[in-house]
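Notes to accompany the following structure.
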Amino acid sequence: MVTAMLETYPTDTRTADITDAEAIDRAWAAAERVTDPEMPMLTLLDLGVLRDVTIENGHVVTTITPTYSGCPAMATMRDDLQRELLEAGFPDAEVRVSLTPAWTSDWITERGRQALKDAGISPPGSAPVRTGPVALTLMPTRRAVTCVLCGSDNVRLSSEFGATACKAMYQCNDCLEPFDHVKEI
Amino acid sequence: MTANNEPTIHVEHDEAGTNVDHGDHDNAYSGLLVNDANWAFGTDFEDPLAGVDTTVPDGVDAKDLGAYCLMLGDDALVFSQRISEWCSNAPDLEEDIALANIALDLLGQARLLLARAAAADPELVPELPEGSPVPDEDRLAFFRNDLGFRNVRLAEVPNGDFAEAVAKILIYSTWRLSIFERLTDSRDTVLAAIAAKGVKEMSYHRDFAGRWVVTLARGTEESKSRLVTALNGLWPLWSELFETHPVETAVAEAGIGVDPATVADEASVILDQVFAAAGIDRPERGGLAGVGVHGGKGRDGLHTEALSKLLAEMQVVAREHPEGQW
């Protein structure tokens, strides 16, 4: 096993003689440090984008899932993951894309939701559970959203689309604070 | 310039970090490259299907799968390009951002679909000079002529006013959502995954457009009249959405695609719900005729003049620099 690992990580003494279990722990720790480029208060793990870290044939494989089809941050996420893993001693880490199951805002962790709140972004509620055809909704989407500044629930939706693909825009009717809300999908 | 004519940017800094002037090499944006860790998103050439198993399922003709993904990808690409023309032109900032977001979602879907088309049938991909860094999905997007595009003609018609924009998005997303909901059961797991993602995104698009159609219809005489005019103008493109091309017949029989004729009733019912809420009548106009003795339409590569102009604008930079590094 030790011989195999020496062949696997020939360029980095920190990972030259560790077991697979230790390597996975170290790779997870590195991958967990990577943050979302557009919402840097969230790690990719808290966002639910980082799905897995494994060892395959002696090299680290991480799996990420795009939030939206057109998410322009995917390439940056991949680069950031590879750089963080390189710095942790895994120069040949591979980043794979997984399209199934599709990302849902339900995967944002409790810690992630708190981090969003702390940064003035309203976290998503539960994603809609769909059985059968998607229902047409001609009235404004009803959400239990409260103002991130004053806590009032007297808020209005100003747009279902915001500065990034994953956010809607709200404004508080009481304190007038405009704020982002991460959409339920 | 280097020997192979690749554009390069030379940046040097003095001790204060100020860019050193190099006369004709100076670039107003060069300072952005000092810390390049996060300097721009989406400029990378990387495979959007990296690590995804793109094996063609048993019993499926790879050429049919490729052609079908090209049709769906071209719909999304051309409509995305059309909607993105609204960027900085919408009536207010919120709608501007909404339209840009919708265009971005469709562009993402197009990228995946065109990459899927290329993986299924590499012969679809235009050849470029050896060493060109342009990935397959970009070759398909930027290096085919109008006759190679398989999008429905609704996607390509020129933009009108804001009422026309929301009417067109409503029609497109109503049709498309019905197809994608069925496509989530495709035997091709890649296509099924792209569809599952697209369903979530286009649910927002359809609701956005449907609300605006109701709002405009129930607004002023002027807004209602503009909406009705827009719907009448678009209606000749409606029936084409549900006409079955032989490729669609083949992929439907193979369990990887959807025959659009099978969603016509459902899409009509949903659209009628919007019209009822808006208090307007469904337009009564026949379909736009096809071209030539066989009546070829968008799926056959026969388009309106508008597509050629759209492609000219969309493709000009990529075609000028087939070996360009961005």
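The values are calculated or read from the model by the stated rules, or taken from the named source; none is laboratory data. Since the structure is predicted, the reported quantities are computational estimates derived from the model, not experimental observations. Note that each Cβ is placed from the backbone with ideal geometry, even for glycine, and that neighbours are counted across all protein chains shown.
I'd like the full set of residues that are among the polar types (S, T, N, Q), modelled with pLDDT of 90 or more and surrounded by 15 or more Cβ atoms within 10 Å (Cβ to Cβ), limited to region A:132-157. Hit for region A:132-157 is A:146, nothing else.
Is it the case that residue A:163 is aliphatic (A, V, I, L, M), touching an Asp or Glu at 6+ places or on another chain (Cβ under 9 Å) and exposed (fewer than 15 other Cβ atoms within 10 Å of the Cβ)? So residue A:163 passes the test. Of the numbered criteria (1) more than 14 Å from chain B (Cβ to nearest Cβ); (2) at pLDDT below 95; (3) surrounded by fewer than 16 Cβ atoms within 10 Å (Cβ to Cβ); (4) under 11 Å from the mean Cα position of the chain (by Cα), the one residue A:109 fails is (2). Can you tell me which residue in region B:276-304 is farthest from the other protein chains (Cβ to nearest Cβ), limited to those that are assigned to a helix (DSSP H, G or I), touching a residue at least 12 places away in the same chain (Cβ under 8 Å) and closer than 23 Å to residue B:227 by Cβ? Ranking the candidates gives B:278 first. Among the residues here, residue A:55 does not qualify as in contact with a strand residue (DSSP E or B) (Cβ under 9 Å, 6 or more places away or on another chain), crowded, with 16+ Cβ neighbours inside 10 Å, more than 14 Å from chain B (Cβ to nearest Cβ) and at pLDDT 95 or above.
Summed over region B:120-150, residues that are crowded, with 24+ Cβ neighbours inside 10 Å and either assigned to a helix (DSSP H, G or I) or among the polar types (S, T, N, Q) (or both) total 4. Within region A:14-38, the residues that satisfy the criterion of being of a type in the set (A, V, I, L, M, F, W, C) and away from every other protein chain (no Cβ under 13 Å) are A:16, A:18, A:21, A:23, A:24, A:27, A:28, A:29, A:30, A:31.
The single condition from (1) within 21 Å of the chain's Cα centre (by Cα); (2) assigned to a loop (DSSP other than H, G, I, E, B); (3) more than 12 Å from chain A (Cβ to nearest Cβ) that residue B:241 fails is (2). In region A:58-71, of all residues being in a loop (DSSP other than H, G, I, E, B) and in contact (Cβ under 8 Å) with a residue 12 or more places away in the chain, the one that is farthest from the other protein chains (Cβ to nearest Cβ) corresponds to A:58.
The listed residues are B:255, B:286, and the only one of them that is out of contact with any His (no Cβ under 9 Å at 6 or more places or on another chain), loosely packed, with under 14 Cβ neighbours inside 10 Å and closer than 30 Å to residue B:61 by Cα turns out to be B:255.
If I filter region B:178-192 for residues that are surrounded by 23 or more Cβ atoms within 10 Å (Cβ to Cβ), of a type in the set (A, V, I, L, M, F, W, C) and free of Cβ contacts under 8 Å to residues at least 40 places away in the same chain, do I get at least one hit? Yes, region B:178-192 contains a residue that is surrounded by 23 or more Cβ atoms within 10 Å (Cβ to Cβ), of a type in the set (A, V, I, L, M, F, W, C) and free of Cβ contacts under 8 Å to residues at least 40 places away in the same chain.
Scanning region B:56-110 for residues that are within 14 Å of another protein chain (Cβ to nearest Cβ) and on the phi > 0 side of the Ramachandran plot yields a total of 0.
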